[in-house]
1. All but one of (1) within 16 Å of the chain's Cα centre (by Cα); (2) farther than 30 Å from residue 3 by Cβ; (3) buried (at least 18 other Cβ atoms within 10 Å of the Cβ) hold for residue 146, so report the exception by its number.
2. Just to verify a result, which residue in segment 156-199, among those that are closer than 21 Å to residue 98 by Cβ and among the small types (Gly, Ala, Ser), is surrounded by the most Cβ atoms within 10 Å (Cβ to Cβ)?
3. Yes or no: residue 106 surrounded by fewer than 20 Cβ atoms within 10 Å (Cβ to Cβ) and either touching a residue at least 40 places away in the same chain (Cβ under 8 Å) or over 28 Å from residue 90 (Cβ atoms) (or both)?
4. Can you list the strands (runs of 3 or more DSSP E) found entirely within segment 1-47 that contain at least 2 residues being farther than 23 Å from residue 57 by Cβ?
5. Checking the condition among the basic types (Lys, Arg), more than 22 Å from residue 169 (Cα to Cα) and open to solvent by 50 Å² or more (accessible area, probe 1.4 Å), which residue from 236, 254 passes?
6. Which ones in segment 263-275 are loosely packed, with under 12 Cβ neighbours inside 10 Å and either touching a residue at least 12 places away in the same chain (Cβ under 8 Å) or small (Gly, Ala, Ser) (or both)?
7. If I filter segment 117-143 down to residues being of a type outside the set (Lys, Arg) and open to solvent by 40 Å² or more (accessible area, probe 1.4 Å), which single residue comes out as nearest to residue 76 (Cα to Cα)?
8. List the residue pairs whose Cβ atoms are under 9 Å apart, where the first residue sits in segment 278-289 and is part of a loop (DSSP other than H, G, I, E, B), the second is open to solvent by less than 90 Å² (accessible area, probe 1.4 Å), and the two are 6 or more positions apart or on different chains.
Amino acid sequence: MNEVDKKLLHEIVDDDVEKTEVYNIRKNGQCIGRKSNPYIDIISKEDGKGIDVYVKENTLFGIVHIPVIITESGLTDVVYNDFHIGKNSNIVIISGCGVHNDHNKNSTHDGIHRFYIEENAKVKYVEKHYGEGEGTGKRILNPVTEIYMKPSSHMTIDTVQIKGVDSAKRKTYAKLEENSTLVITEKVMTHGKQKAITDFKVKLKGKNASTHVTSRSVATEDSYQEFSSNIIGKTKCYAHVECDAILKDHGRVKAIPEIYAKDVEANLIHEAAIGKIAGEQLMKLMSLGLTKTEAEEAIIQGFLK
């Protein structure tokens with residue numbers, strides 16, 4: 001890896017990946033590094049278009065890094081990664097994609113991740129997206145996440161779009177069986193003429209299944225964001241969706257909530273709030289000596305924490 005590669009990895013993954021216990025590094029559509037252990041195995045798909053990650057039953061405190069970096073202008077990289085999480089395991093998966101584009105052709109990464117989570121298993125999935133480069137070619141990321149949760153399983157998703165991504169379409173689809181829990185936190189910031197679209201669809205099929213989805217977004221300059229959620233409760237279950245957004249300059253945000261209760265005991269809630277930075281907050285920080293720009297930045301960073 002060269003210095004550009006290392007910088008991209010640092011932006012999307014906090015750790016030195018090659019010093020971790022289990023990892024798979026993908027660059028420009030090819031695997032450039034991999035390591036497994038006796039409890040977590042990473043195997044290439046036969047067609048070379050992705051990997052299967054197998055976590056054995058009762059695996060505790062396992063950590064897997066699967067970063068993707070793209071430095072080739074004009075490349076469209078499509079990858080299918082399947083995660084098979086064994087019963088009673090507890091695993092952390094750290095993903096993400098960094099794109100560096102210094103030329104005039106678009107660079108695109110479409111990552112399709114499918115999770116098959118067995119009974120009583122716990123998964124924390126962390127995903128960061130980042131773009132950079134001086135070229136006119138766009139940096140495009142279209143992640144798709146499919147989740148199939150067996151009884152009493154638990155999954156937490158933390159997804160962040162840091163900056164520099166010109167276009168993103170994020171789709172998440174989940175089916176939850178009884179007593180399973182899915183918690184999703186999304187943070188997105190856009191600027192310039194960037195566009196980010198999020199589409200969540202969760203089916204609560206089993207009794208006492210639950211989900212909590214939180215989206216925090218900041219749209220500045222001429223950027224556009226769209227948040228769509230579709231929650232279906234088929235039995236006694238619970239869902240809470242929160243969409244909070246800050247607008248600055250000519251930024252635009254559209255929220256499309258849909259909740260569908262198919263049982264009298266389905267408890268489904270959706271809340272949305274979109275607005276500009278509060279004047280009281282600005283005045284308070286400016287009274288401490290900050291400029292208006294510095295105060296706005298401090299408020300935005302605090303909102304996205």
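1. Condition not satisfied by residue 146: (3).
2. Taking the candidates together, the pick is 196.
3. Answer is yes for this residue.
4. Where strands (runs of 3 or more DSSP E) fall fully within segment 1-47 and carry at least 2 residues being farther than 23 Å from residue 57 by Cβ, they are 23-27, 30-35.
5. Only one candidate qualifies: 236.
6. 273, 275, listed by residue number.
7. Filtering segment 117-143 for residues that are of a type outside the set (Lys, Arg) and open to solvent by 40 Å² or more (accessible area, probe 1.4 Å), the one nearest to residue 76 (Cα to Cα) comes out as 136.
8. 278/299; 288/295
The values are calculated or read from the model by the stated rules, or taken from the named source; none is laboratory data. Note that the structure is a prediction, hence the values are computed from the model and not measured. Positions of Cβ are generated from backbone atoms using ideal geometry, with glycine treated the same way; all protein chains shown enter the neighbour counts. Calculation scope for accessible area: heavy atoms of the full protein, side chains included, ligands and nucleic acids excluded. Shrake-Rupley method; radii C 1.70, N 1.55, O 1.52, S 1.80 Å.
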